Amino acid sequence: MRQILYISSATTPPSTNDFEDLLEVARRNNKTHNITGVLIFFYGRYVQCIEGDDHEIGQLLSNIEDDARNVHLVVLKDRQIKNRDFPDWSMGYQMYDDKEINNSPILFSIKNKESFLHIKDYSEELYQFLVSLYPSSQPKWLVE
């Protein structure tokens, strides 16, 4: 099984409706292809961790790279895993506002980087942050 963590920049800030539409399609497609993961959005950036079959994850990453809603995609982690970190989430999500970003050391650090040149330095912390969103009692905004 393959897991990929990436970050990219939004070409335009998504509205709430845009984001809900994106999630609806992602969840439907991910269920079909047995892909799980989590997506967060903050300060014009998408961060997503996806996991599933090698071929399916490779195809999904290619689709994401071709998606006009984002640019400057940087893969932070691409590895083989034995167990999923988000086994019950076809796509968990969260959007963060400035207050929440300022209260999260990892998101605050990334927000203040002008380019993605050094974001790989934060890949493990960002990964751990995403994993921390998957508690045994899931918040409603993440369940689906």
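Per-structure values
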{"quantity": "Over the chain: helical MRE at 222 nm, DSSP H runs n ≥ 4 each giving -39500 (n - 2.57), nearest 500", "calculated": "-11000 deg cm²/dmol"}
{"quantity": "Candidate aspartates and glutamates - alpha carbon under 20 Å from residue 82, same-chain residues fewer than 8 apart omitted", "calculated": "51, 53, 54, 56, 124"}
{"quantity": "Karplus-derived 3J(HN,Hα), 6.51/-1.76/1.60, for each residue of the range 12-22, Hz, glycine and proline x", "calculated": "9, x, x, 6, 4, 5, 4, 5, 5, 5, 4"}
{"quantity": "Neighbourhood charge, 14 Å Cβ-Cβ cut-off, centred on residue 131 and excluding it, Lys, Arg +1 and Asp, Glu -1", "calculated": "-2"}
{"quantity": "Lys/Arg +1, Asp/Glu -1 at C-beta; the chain dipole; positive extreme among 49, 29, 8", "calculated": "49"}
{"quantity": "Average accessible surface area per residue within the range 1-84, 1.4 Å rolling probe, Å²", "calculated": "51"}
{"quantity": "Anchor residue 120: aspartates and glutamates whose Cα lies under 13 Å away (excluding residues fewer than 8 positions away in-chain)", "calculated": "78"}
{"quantity": "Cα-centre dipole for the chain with unit charges at Cβ (Lys and Arg positive, Asp and Glu negative), debye to 20", "calculated": "240"}
{"quantity": "Correct choice for Rg/Rh (Cα atoms, Kirkwood Rh) that was computed from the model, options (1) 0.92; (2) 0.98; (3) 0.94", "calculated": "(1)"}
{"quantity": "5 angstrom amide H check on residue 76, placed H, neighbours 5+ away", "calculated": "5, 6, 7"}
{"quantity": "Test item: Cα-centred dipole of the range 38-77, Lys/Arg +1 and Asp/Glu -1 on Cβ, debye", "calculated": "340"}
{"quantity": "Listed pairs 77/99; 31/99; 31/77 exceeding 25 Å between Cα atoms", "calculated": "77/99; 31/99"}
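The values are calculated or read from the model by the stated rules, or taken from the named source; none is laboratory data. In this text, all values refer to a predicted model and were calculated from it rather than measured experimentally. Don't worry about glycine lacking a Cβ; one is built from the backbone with ideal geometry, like all the others, and counts go over all protein chains shown. When the accessible area is computed, the model is the full protein with side chains, heavy atoms only, and any ligands, DNA or RNA have been set aside. Shrake-Rupley method; radii C 1.70, N 1.55, O 1.52, S 1.80 Å.
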